[in-house]
Amino acid sequence: MRSLQPLTLTRNSLEHKPFVAPRIQYERKAGNRFEVREPEVLGLPLSSFVPVILSRLNRFIEEVLIRSMQTTMPKPMTIAEIPLGARDPIRPERFFAGLRGEVQLWQIIYSDDAFDDV
């Protein structure tokens with residue numbers, strides 16, 4: 001599933017038709033046992049859907065904010081991305097300010113990667 005597809009489908013669903021949250025279903029089994037069926041949203045179990053949506057939303061917000069900051073910075077300043085392998089695990093910062101020509105200019109690029117994997 002493309003990274004923006006669940007978010008787009010959910011937004012369209014909420015804006016264009018009434019949304020009713022899926023309910024947990026209980027199925028009676030032999031004896032006094034019950035089996036719980038996890039609700040699904042857009043074909044994904046709720047426990048999978050929520051982390052996917054939150055990851056995509058976090059990434060969207062971060063990248064829009066960084067891009068907004070980048071476009072308003074005085075020249076020759078810009079924002080660059082720290083490569084994933086070079087980030088300090090104690091302070092996992094993704095971006096830093098630098099000077100154009102000295103650092104590679106960061107650009108928003110489409111990717112299916114989760115928020116923590118970018």
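The values are calculated or read from the model by the stated rules, or taken from the named source; none is laboratory data. Here the structure is a predicted model, which means the values were calculated and not measured. Here Cβ is always computed from backbone atoms with ideal geometry, including for glycine, and neighbour counts include all displayed protein chains.
Tabulated data
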read-out	value
Every residue from region 90-118 that is of a type in the set (Asp, Glu) and closer than 23 Å to ASN58 by Cβ	GLU93, ASP112, ASP113, ASP116, ASP117
Looking only at region 75-89, and only at residues there that are loosely packed, with under 10 Cβ neighbours inside 10 Å and small (Gly, Ala, Ser), the one that is farthest from ARG56 (Cα to Cα)	ALA86
Test set (1) in contact with a Lys or Arg (Cβ under 9 Å, 6 or more places away or on another chain); (2) part of a strand (DSSP E or B); (3) in contact (Cβ under 8 Å) with a residue 24 or more places away in the chain - ALA80 fails condition number	(1)
Hey, GLU40 modelled with pLDDT of 90 or more, of a type outside the set (Ser, Thr, Tyr) and either surrounded by fewer than 11 Cβ atoms within 10 Å (Cβ to Cβ) or under 22 Å from the mean Cα position of the chain (by Cα) (or both) or not	no
Residue within region 37-58 that is free of Cβ contacts under 8 Å to residues at least 60 places away in the same chain and in contact with a Lys or Arg (Cβ under 7 Å, 6 or more places away or on another chain) present	yes
Failed item, numbered, when ALA30 is tested on (1) surrounded by 13 or more Cβ atoms within 10 Å (Cβ to Cβ); (2) assigned to a loop (DSSP other than H, G, I, E, B); (3) hydrophobic (A, V, I, L, M, F, W, C)	(1)
Test: residue in region 90-113 that is closer than 30 Å to PRO22 by Cβ, surrounded by 13 or more Cβ atoms within 10 Å (Cβ to Cβ) and either touching a Cys at 6+ places or on another chain (Cβ under 7 Å) or of a type in the set (A, V, I, L, M) (or both)	no
